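Visitor: Structure in structure tokens, see below.
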């Protein structure tokens, strides 16, 4: 990318961060998101949308966003998030266990909570190709998170997927799940279908740092390069 283009991208990102904009606002279960930012605001915590850290490792995400007060979401915080959405799953505090609950199984009705969660936290996975029906594709929002309390260096991931239709198995209800951290992912591994669950206290909200702005500029630059 030529220097003028890079400077223009940096300037654009700075303007987007500084200028007020007319934004669409989504509210659900006490959480609010407007599309002028990547932040979902709850009562006591802010959540960085999971698609904002898609394909980043935990270390990479913290390297970009920790200066703005963000940290890795703990088990109890993700458990509270799911409880607020009414998913009916009480996350096991044992990071070495797997869990999954099935959401409303009605082929003629969408699960509002799952759709709202994916819309708020951002879609990290989508597949409308074979064998999924393009009229009822697979979509979800998933992220790495956790405490690594057992000290094995691995972190679990968790997520919500909406209901979908598989052309072989038919209709499948949506699910909420958490993986075991056993042989899952270390802090330096990013996955192209997983974000990183980052939170900060509402009172700790600060403007985007220069590091985060440069990361945003890099995303713009990569997009521009792909369009050439």
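Visitor: Among (1) more than 17 Å from residue 118 (Cβ to Cβ); (2) buried (at least 19 other Cβ atoms within 10 Å of the Cβ); (3) modelled with pLDDT of 95 or more; (4) out of contact with any strand residue (DSSP E or B) (no Cβ under 6 Å at 6 or more places or on another chain), where does residue 52 come up short?
Guide: That leaves (1) as the condition not met.
Visitor: Here's another thing I want to ask about it. Considering region 37-60 alone, what residues qualify as being assigned to a helix (DSSP H, G or I) and more than 26 Å from residue 24 (Cα to Cα)?
Guide: The answer is 58, 59, 60.
Visitor: Just to be sure before I move on: is residue 188 surrounded by fewer than 18 Cβ atoms within 10 Å (Cβ to Cβ), modelled with pLDDT of 95 or more and over 16 Å from the mean Cα position of the chain (by Cα) in the structure I sent?
Guide: For residue 188, the condition - surrounded by fewer than 18 Cβ atoms within 10 Å (Cβ to Cβ), modelled with pLDDT of 95 or more and over 16 Å from the mean Cα position of the chain (by Cα) - is met.
Visitor: Follow-up question, since we're still on this one. Here are some residues: 11, 30. Which one is modelled with pLDDT under 80 and more than 18 Å from residue 145 (Cα to Cα)?
Guide: Of the residues listed, the single one that is modelled with pLDDT under 80 and more than 18 Å from residue 145 (Cα to Cα) is 11.
Visitor: In a helix (DSSP H, G or I), within 22 Å of residue 55 (Cβ to Cβ) and at pLDDT below 95: does that describe residue 216?
Guide: Yes.
Visitor: Would region 65-77 turn up any residue that is in contact (Cβ under 8 Å) with a residue 24 or more places away in the chain, touching a helix residue (DSSP H, G or I) at 6+ places or on another chain (Cβ under 7 Å), surrounded by fewer than 16 Cβ atoms within 10 Å (Cβ to Cβ) and in a helix (DSSP H, G or I)?
Guide: Checked region 65-77: at least one residue is in contact (Cβ under 8 Å) with a residue 24 or more places away in the chain, touching a helix residue (DSSP H, G or I) at 6+ places or on another chain (Cβ under 7 Å), surrounded by fewer than 16 Cβ atoms within 10 Å (Cβ to Cβ) and in a helix (DSSP H, G or I).
The values are calculated or read from the model by the stated rules, or taken from the named source; none is laboratory data. These numbers were taken from a predicted model, which means no experiment stands behind them. When we count neighbours, we look across all protein chains shown, and the Cβ atoms used for this are built from the backbone with ideal geometry, even at glycine.
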